[in-house]
Structures are given as structure tokens and as C-alpha cells.
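These notes are about the structure you will find just below.
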Amino acid sequence: MTAALELEGLARHYGEREALREVSLSLQQGQTLVVFGPNGAGKTTLLRVLATLLRPHAGSVRVLGSELPGESWKVRGKVGLLGHEPLLYRELTARENLRFHARLHGVSDERVQEVLESVAMSARAREPLRTLSRGMVQRVAVARAVLHDPELLLLDEPHSNLDPAAVELVAPLIGVGGDGKKRTRVICSHDPSGDLTQADVVLGLRAGRPALLRAATEVDPAEITELYR
Amino acid sequence: MSSVQAAQQPSEIARPAPQPVALWRTVGALLRKELLVELRTLESVPAMSLFALSTFVVFHFALDRNSVEGDLGAGILWVTLLFAAILGVNRLFVADADQGGFDAFLLAPVDRSAMLLAKILTLLAYLVVLEIVAVPAFALLLLGPSLGPALLGLLATLALADLGIAVIGTLIAAMAVRTRSRDLLGPLLALPLLVPIVIGGARASAPLLEATHRVAPAARWLLTLGLYDLVFGLIAFALFDFLLED
């Protein structure tokens, strides 16, 4: 059993403002960590640190066995990020966008077609992204995040803009890896009723500090609701 | 350390590490994307070309002369090309910054120099198209002597100057794009660094634009342009990775 994430006293600030402080946790491969917390609690910052896009300012962060930021280069390519922004170019079509990302990750065009079909976007794949609805763009963004079959999937409110049918459509894609095993995931969420069921570990953040860290089976949904008060 | 282990213990997943993508493949993918986005939006090259044409018309009437040559002609040509190029420099990273292209690139297992190379090539392509429009227009609207005999020399001067503008423009655009006042900061930082290129370009091409029809550009200034390109090329490769870092 290998730890996918090992955080010890992680801190990150923007100027004078502390976005994260004293975050320590461990997550094993194949597990899902769900992070709850009100707006500005530090959820997105945590995801960006784990994705190697932000440097930790204090503490120790190991992602997939590599120490950040020193070994960030080892982690790139093994992480998939689905953030608030789709990381797609509006003027390009869904297929052009995914082909571009496929080239950056050394992935074949067949895989592009496969993920487009998985999110039911192959029929609209030739239309510029700016002409698609937000929900469709989110489906393409999900396809982009899993295109290279990442070892660690970082999802920031992955179901935003998706209708219930689309939520069901993308669930297997973000839940199971190409090897048929459960993906290691970190999911930021505001939806305890939906996402608590997917969690192995729950982290509650309030003003950048951990207010709750426990196995999901031991968490009462009322404790999560309390984080938002 | 607070550590939580869930009841379910999946077996360890052994996957091969992702292979780094070859530099030239990454440059090709980025360049293709850049040109596709420009073809769809037409945000940079038409604006640069229209700016150059408008400036020549303004000079034509403001100078109240039917034709220019030599130093004056070279000065008008290079100042116009410089300001037109600044328009392209300002837009170079905007789509990446606004639409998450930087993050997507940083998440990939690729050499970061690929973005520098791709952006330099993109800006070079923009400048070549600009000059295909602007140089004949300059010859038609302002230049007294015929451009024909001096064309090869002028092309050599333009090539060296374009390379310098592309390298410095890419470096400055990458610095400025993540700031709040990028539209102001980009030109403010770029202009002082690009002035030596304008001086070199104008001095090298002035003899070509004289009525006496000298066919060779001033070698000393061509050499100066080449050295300037080399120095800033090395600086750009040394600094670019750090500009992309948090």
C-alpha cells in the first residue's frame, strides 16, 4: 500500500492572507478525499498546490511519492485537474482542444475519440467551444482531465453545470481508471448529500485550517453543514 | 500528523511513469494551436497590418511630401513596424492567461522551453505577414526610390530584426501577461529593449533606401542586430521557466 498524498503542516498564503495553514493528512492510492468548506476556505488553493501549480510556503507535501515543489516535474503528467476553468480554448472545437492536450501528454487520437464518446460529445465535437452550453463545455473539460488516464484526479466541484443525466454519464469516467481500478481522487464539494457517499476520507476546511478530518464512515452530514455556518 | 485510513484497502497501483513528450512535437502542437486560434479570432495580424497602413497614410500627409528616402524613409518604416509589432506582443499570451492555457501546459510532462519556442515562432509568423503587407505599402505610399534592387538586403535586415523582436516580445509578454496592468506594462517594458533593434534596422537599411540604390545593407549594423538577437535569445531561454512558475 502506497500513500498517494502525504501532507504535513502545509501552509500557503497570498501576500499577507493565509489561504491554507497546518493542513496534515494522508490518502492511500485508490481512495477518495472529499474536501468541504465555505467559499474562500482554501479548497481550490489545496487542489492547485497538489497539482504543482502553486508552491507550498511551509510544511511538507508528497504527491504520488514525490516531494513538492522540488520534484514537481515527476508529478506532472500523472495528475488530472478539473478546476473552475475548463482549461480549454473557446475558439477551438472540442476535438481540436482534446487533440492539443493529447499531443502535450503523448496520447493517441484514438483516445481522444474514446473520451469524446464517453462524455457523449462526439456529435458536437466539430463546433467551437464558445458555441456550446456550459454543461457541454464541462463534459469536454472532464474528458480533458481524464484524457491521459491520470494516477491522481483533482476535481473542483466536478458536477457544476451538469444536468443529472450528465452527472451519471461522467461518473464512471472520473471514478474508475483505465486499469479498471478505483481512481485516487481529491474532490472539492459543497454537496454533502451527493459527494459524501463517494468519500473514503473527509476534510473540512474553515478559513484555511482543517476543522474536520475523519474517515467518511465516521462523519455525520450535520458536521459538514456546520462548516458553512 | 492526522492520518485517516479508510476501511477499504485497494491493492497498490503500479503504472508506468508518463513519458516526456519530444520538444519538437510539443512546439508543433503549440504552434498549430496558436495559428488556429489566430485564424479563428483574427485578433492580432489584421490589427497590426491595419495599424501599419494607417501610420503610412498619416506620415504621407503629415510630412507633406510625395516621397521619402534614405534615413528618413528607414526611420518611418522601422518605427511603424515597431509599434505594429507591439500590438501583437500585447496579445501573444492573452488567450493562455484568460482561458487556462498556462495551467494546462504546466500540468503536462513537457519541456517548458517549448512554449517559448512556439511563441517566438508565432510572433515571427505574425511579423512576416505584417511585413508582406506593410513593406509594399510603404514602397507605394512613401518611398521615392524603387525597392527592387535593395529587396534582398532589406529582407536580410528584416529577418534579423524580426528574430530580435520575436524573442524580446515573447519574453516581455510572458512577464506582463499575469499582471493586472498587462496592456500598459507590456509596451512600457518592451519599448526600451526594442529601441536598439529599431536603431540597428534603420541604420542597416537606410543605405538601401537611398536614391543611389546601394544593394548591400550596412554590415556593422547587421552584425549588431545578430549579436543582440543572440544575447536576448540566451536570456530568454534562461529566464522563461521562472516566468511560468508560481
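Where helices (runs of 4 or more DSSP H) sit wholly within the stretch A:1-117, those with at least 2 residues that are closer than 23 Å to B:LEU23 by Cβ occupy A:72-75, A:94-105. Residues considered: B:LEU230, B:LEU194. Of these, the only one that is modelled with pLDDT of 95 or more and under 21 Å from B:ARG91 (Cα atoms) is B:LEU194.
Of all residues in the stretch A:168-201, how many are more than 14 Å from chain B (Cβ to nearest Cβ), modelled with pLDDT of 85 or more and more than 15 Å from the chain's Cα centre (by Cα)? Looking only at that region, the number is 2. Any residue that is at pLDDT below 95 and among the small types (Gly, Ala, Ser) - is there at least one of those in the stretch B:120-132? Scanning the stretch B:120-132, I find no residue that is at pLDDT below 95 and among the small types (Gly, Ala, Ser), so the answer is no. Here the condition is being at pLDDT 90 or above, within 14 Å of another protein chain (Cβ to nearest Cβ) and buried (at least 20 other Cβ atoms within 10 Å of the Cβ); of B:THR26, B:THR80, it holds for B:THR26 alone. In the stretch A:48-66, the qualifying residues are those that are basic (Lys, Arg) and more than 8 Å from chain B (Cβ to nearest Cβ), and the one that is farthest from the chain's Cα centre (by Cα) is A:ARG62.
Please name all residue pairs, on different chains or six or more residues apart, with Cβ atoms under 7 Å, provided the first residue is in the stretch A:180-192 and is under 21 Å from A:LEU147 (Cβ atoms) and the second residue is aromatic (Phe, Trp, Tyr) and part of a helix (DSSP H, G or I). As it stands, the answer is none, since no pair meets every condition given. Looking across the stretch A:108-126, the residues that are away from chain B (no Cβ under 14 Å) and within 22 Å of A:GLY77 (Cβ to Cβ) come down to A:GLU110, A:GLN113, A:GLU114, A:VAL115, A:LEU116, A:SER118, A:VAL119. Looking at A:SER160, A:SER193, just one residue is outside any loop (DSSP other than H, G, I, E, B) and polar (S, T, N, Q), and that residue is A:SER193.
Looking at A:THR45, A:THR32, just one residue is within 12 Å of chain B (Cβ to nearest Cβ), closer than 16 Å to A:VAL201 by Cα and of a type in the set (Ser, Thr, Tyr), and that residue is A:THR32.
Any residue in the stretch A:156-170 that is more than 26 Å from B:THR41 (Cβ to Cβ), touching a Leu at 6+ places or on another chain (Cβ under 6 Å) and either surrounded by 19 or more Cβ atoms within 10 Å (Cβ to Cβ) or in contact (Cβ under 8 Å) with a residue 24 or more places away in the chain (or both)? Taking every residue of the stretch A:156-170 in turn, at least one turns out to be more than 26 Å from B:THR41 (Cβ to Cβ), touching a Leu at 6+ places or on another chain (Cβ under 6 Å) and either surrounded by 19 or more Cβ atoms within 10 Å (Cβ to Cβ) or in contact (Cβ under 8 Å) with a residue 24 or more places away in the chain (or both).
Residues in the stretch B:94-135 that are assigned to a helix (DSSP H, G or I), within 14 Å of another protein chain (Cβ to nearest Cβ) and among the small types (Gly, Ala, Ser): B:ALA95, B:ALA97, B:GLY101, B:ALA104, B:SER113, B:ALA114, B:ALA118.
A:THR217 - would you say it is part of a helix (DSSP H, G or I), farther than 24 Å from A:GLU22 by Cβ, hydroxyl-bearing (Ser, Thr, Tyr) and at the interface with chain B (Cβ under 10 Å from one of its Cβ atoms)? Here the answer is yes, as A:THR217 does meet what is asked. So which residues in the stretch A:67-107 are within 8 Å of chain B (Cβ to nearest Cβ) and of a type in the set (Ser, Thr, Tyr)? Passing the criteria: only A:TYR89.
The values are calculated or read from the model by the stated rules, or taken from the named source; none is laboratory data. Computed from a prediction, not measured in an experiment: that's the story for all the values here. When we count neighbours, we look across all protein chains shown, and the Cβ atoms used for this are built from the backbone with ideal geometry, even at glycine.
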